[in-house]
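Before any comments, here is the structure.
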Protein chains: 2
Amino acid sequence: MNRQFDQIQMEPAYRKVAAAIGGRILDRTLREGDRLPPETELARQFGVNRSTVREALRELESNGLVMRRAGSKLMSVTRPQHFAIAGAVTRGLVMHDVTFREVWEALTLLEPPIAESAARARTADDLAVITAAAERFASDNAATEKAAHGSAEFFRSVGAATHNQVLMLAQEPLLQLLEPSLRVMIDDVPQARSRIITAQRKVSEALHARDTDGARTWMAKHIRDFRKGFEIAGIDLEHRIRVGES
Amino acid sequence: MNRQFDQIQMEPAYRKVAAAIGGRILDRTLREGDRLPPETELARQFGVNRSTVREALRELESNGLVMRRAGSKLMSVTRPQHFAIAGAVTRGLVMHDVTFREVWEALTLLEPPIAESAARARTADDLAVITAAAERFASDNAATEKAAHGSAEFFRSVGAATHNQVLMLAQEPLLQLLEPSLRVMIDDVPQARSRIITAQRKVSEALHARDTDGARTWMAKHIRDFRKGFEIAGIDLEHRIRVGES
DNA sequence: GATTGCCGGTTTGTCCGACAATCATACGAT
DNA sequence: ATCGTATGATTGTCGGACAAACCGGCAATC
């Protein structure tokens with residue numbers, strides 16, 4: 001007799017409306033690209049005020065289920081973009097005081113198998129994208145800003161080669177969290193760039209040769225290098241990651 | 001001269017307000033548990049109408065950055081709950097027509113290293129939770145509903161033992177997507193339960209002994225078993241996962 | 001023929017004012 | 001000390017309003 005009654009909770013109308021529309025999107029009654037009726041019409045159909053509909057739309061919008069296509073007024077149904085979803089995850093992790101160590105450890109676990117899987121599933125097109133990303137990093141000696149981004153892009157291109165959306169999406173928040181610390185590291189550790197270039201080349205070659213073992217081990221080495229770089233740069237691994245306003 | 005001008009984009013006021021409040025939360029000016037001022041006060045401070053503030057609040061709310069504590073009117077700042085964040089990811093993946101195969105493959109890559117890491121990092125408390133989850137699954141021969149949930153709970157408890165929030169959060173969407181198919185599988189494959197029980201026990205024992213290899217390999221076996229189960233149950237691995245309205 | 005200017009109808013973004021229901025709190029009665 | 005009540009604050013929802021932006025079509029112009 002711990003608790004006799006369940007807590008009774010009222011759901012405000014705006015959430016019911018959001019759930020109703022969201023449900024239709026999830027079950028594909030509303031398909032991607034379909035345009036939602038105007039707000040006044042929705043208000044009429046649901047029998048609520050337009051303000052209520054608008055609150056519901058904001059909820060759907062920030063869930064990425066609907067968005068306004070550029071230069072159009074009507075909301076249209078969209079599949080949430082990977083980047084946006086991962087952004088929410090990233091925010092969540094930041095709020096939970098995630099540390100560099102946790103991110104690095106997750107990369108250690110996740111990236112080598114991803115590389116291995118990519119070695120199996122990659123197509124010629126994937127390979128082109130991957131090598132292009134590696135070459136861009138190698139040739140672009142410009143701002144560290146760009147270098148950090150370029151490194152993350154390499155991981156993304158490898159992830160894409162797995163043709164597995166779940167993996168790509170699992171990987172994305174890690175990359176978003178990695179980038180800021182990478183900026184500091186690349187700046188403070190002179191040999192970082194060349195080591196990254198080497199690792200990227202080795203991984204690319206392994207993927208080219210469909211060498212699963214090579215891809216996995218070089219990727220593992222690549223990630224281990226990051227840690228060394230962090231230590232050399234004097235970045236405290238237990239430090240909480242902050243976000244630098246994007 | 002591909003494009004001379006960047007697209008100029010207007011940001012509506014409700015999004016600016018949301019960004020302003022959200023920024024304060026992310027940079028910890030507003031801490032968890034802090035209560036937001038009432039809507040009228042926010043409207044006054046930002047110089048906008050209360051309706052506009054409300055739309056902004058809906059956005060923050062569905063991002064999990066603020067919520068109303070039970071039986072309170074004022075919004076308070078919260079860290080997004082893992083389950084909620086993962087829910088958004090799950091929705092996103094469903095919208096992207098993710099297949100059973102992709103989920104299973106991701107589990108294959110992710111779970112064994114998680115088990116290995118758990119074998120290293122687990123505390124006595126973690127172990128208690130894990131074995132409790134395993135025992136609950138073994139003794140609870142009730143509805144398949146519960147069994148599927150119990151299996152997912154086992155993975156969660158192992159994930160928690162890594163003490164790595166990034167891993168837990170990466171794992172969560174997989175479990176949410178796994179559950180529905182697990183329900184079907186456990187129903188249709190008679191030997192599924194006993195095989196799951198065995199695998200859970202073996203993994204638990206390995207974690208107990210801090211046997212990293214054992215934990216990894218048994219977890220890998222556990223996941224491979226799922227695939228066999230799916231095949232026996234005649235579940236098409238390439239089938240898109242749908243969500244059964246929660 | 002293609003571009004430009006203009007027009008009316010829609011739709012959104014934002015505002016204002018309003019009210020019932022709920023919550024917080026203090027105060028007084030038992 | 002517990003309970004009921006009054007009072008004020010706050011939210012959820014409503015109705016109505018208006019400017020700005022978008023859409024489609026049509027006429028005028030080069």
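The values are calculated or read from the model by the stated rules, or taken from the named source; none is laboratory data. Just so you know, these numbers come straight off a predicted model, no measurement behind them. Heads up, the Cβs are rebuilt from the backbone with ideal geometry, glycines too, and the neighbour counts pull from every protein chain shown.
What is the one condition in (1) in contact with an Asp or Glu (Cβ under 7 Å, 6 or more places away or on another chain); (2) within 13 Å of DNA strand D (Cβ to nearest atom) that residue B:70 does not satisfy?
It is condition (1) that residue B:70 fails.
Inside the stretch B:39-59, can you point out the residues that are of a type in the set (A, V, I, L, M, F, W, C), buried (at least 19 other Cβ atoms within 10 Å of the Cβ) and more than 10 Å from DNA strand D (Cβ to nearest atom)?
B:56
Let's see how each residue does on (1) surrounded by fewer than 19 Cβ atoms within 10 Å (Cβ to Cβ); (2) modelled with pLDDT of 95 or more; (3) among the basic types (Lys, Arg); (4) over 25 Å from residue B:60 (Cβ atoms):
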site: A:27; (1), (2), (3), (4): yes, no, no, yes
site: A:37; (1), (2), (3), (4): yes, no, no, yes
site: A:66; (1), (2), (3), (4): no, no, no, no
site: A:83; (1), (2), (3), (4): yes, no, no, no
site: A:94; (1), (2), (3), (4): no, no, no, no
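For residue A:72, indicate whether it is assigned to a loop (DSSP other than H, G, I, E, B) and more than 28 Å from residue A:166 (Cα to Cα).
yes
I need the full set of residues from the stretch A:51-92 which are under 12 Å from the mean Cα position of the chain (by Cα) and farther than 23 Å from residue A:12 by Cβ, in order please.
Those that are under 12 Å from the mean Cα position of the chain (by Cα) and farther than 23 Å from residue A:12 by Cβ: A:80, A:81, A:82, A:83, A:84, A:85, A:86, A:87, A:89, A:90, A:91.
Which condition from (1) in a helix (DSSP H, G or I); (2) more than 23 Å from residue A:65 (Cβ to Cβ) is the one that residue B:84 breaks?
Of everything listed in (1) in a helix (DSSP H, G or I); (2) more than 23 Å from residue A:65 (Cβ to Cβ), residue B:84 misses just condition (2).
For (1) surrounded by fewer than 23 Cβ atoms within 10 Å (Cβ to Cβ); (2) closer than 25 Å to residue B:114 by Cβ, each residue gets a yes or a no:
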| residue | (1), (2) |
| --- | --- |
| A:74 | yes, no |
| A:101 | yes, yes |
| A:130 | no, no |
| A:149 | yes, no |
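Quick one: would you say residue B:118 is in contact with an Asp or Glu (Cβ under 6 Å, 6 or more places away or on another chain), in contact (Cβ under 8 Å) with a residue 12 or more places away in the chain and either more than 13 Å from residue B:162 (Cβ to Cβ) or in a helix (DSSP H, G or I) (or both)?
So residue B:118 does not fit the description; no.
When residues of the stretch A:149-192 are filtered for being assigned to a helix (DSSP H, G or I) and within 14 Å of chain B (Cβ to nearest Cβ), how many remain?
20
Specify the residue that is nearest to the other protein chains (Cβ to nearest Cβ); the eligible residues are those in the stretch B:37-55 that are more than 9 Å from DNA strand C (Cβ to nearest atom) and not hydroxyl-bearing (Ser, Thr, Tyr).
B:54
Keeping to the stretch A:70-115, report how many residues are facing chain B (nearest Cβ under 8 Å) and among the charged types (D, E, K, R).
So the answer is 4.
Report the residue count in the stretch B:10-30 for those that are near DNA strand C (Cβ under 10 Å from one of its atoms) and not in a helix (DSSP H, G or I).
Summing the residues that are near DNA strand C (Cβ under 10 Å from one of its atoms) and not in a helix (DSSP H, G or I) in the stretch B:10-30 gives 3.
Mind checking whether some residue in the stretch A:11-27 is within 16 Å of DNA strand D (Cβ to nearest atom), in contact with a Pro (Cβ under 9 Å, 6 or more places away or on another chain) and either facing another protein chain (nearest Cβ under 8 Å) or of a type in the set (A, V, I, L, M, F, W, C) (or both)?
No, the stretch A:11-27 contains no residue that is within 16 Å of DNA strand D (Cβ to nearest atom), in contact with a Pro (Cβ under 9 Å, 6 or more places away or on another chain) and either facing another protein chain (nearest Cβ under 8 Å) or of a type in the set (A, V, I, L, M, F, W, C) (or both).
Return only the number of the condition from (1) away from DNA strand C (no atom under 16 Å from the Cβ); (2) of a type outside the set (Phe, Trp, Tyr); (3) crowded, with 20+ Cβ neighbours inside 10 Å that residue A:108 does not satisfy.
Here residue A:108 meets the rest and fails (3).
Got a number for residues in the stretch A:193-246 being within 14 Å of another protein chain (Cβ to nearest Cβ) and surrounded by 14 or more Cβ atoms within 10 Å (Cβ to Cβ)?
So the answer is 9.
When you scan the stretch A:125-135, do you find a residue that is out of contact with any helix residue (DSSP H, G or I) (no Cβ under 6 Å at 6 or more places or on another chain), at pLDDT 95 or above and either in a loop (DSSP other than H, G, I, E, B) or within 25 Å of residue B:27 (Cα to Cα) (or both), even just one?
No, that holds for no residue.
Show the residue pairs meeting these rules: Cβ distance below 7 Å; 6+ apart or different chains; first residue within the stretch B:154-183 and of a type in the set (Gly, Ala, Ser); second residue modelled with pLDDT of 95 or more and not in a helix (DSSP H, G or I).
B:161/B:122
Looking at (1) without any contact (Cβ under 8 Å) to a residue 24 or more places away in the chain; (2) within 11 Å of DNA strand D (Cβ to nearest atom), which is the only condition residue B:76 fails?
So residue B:76 meets the others, but not (1).
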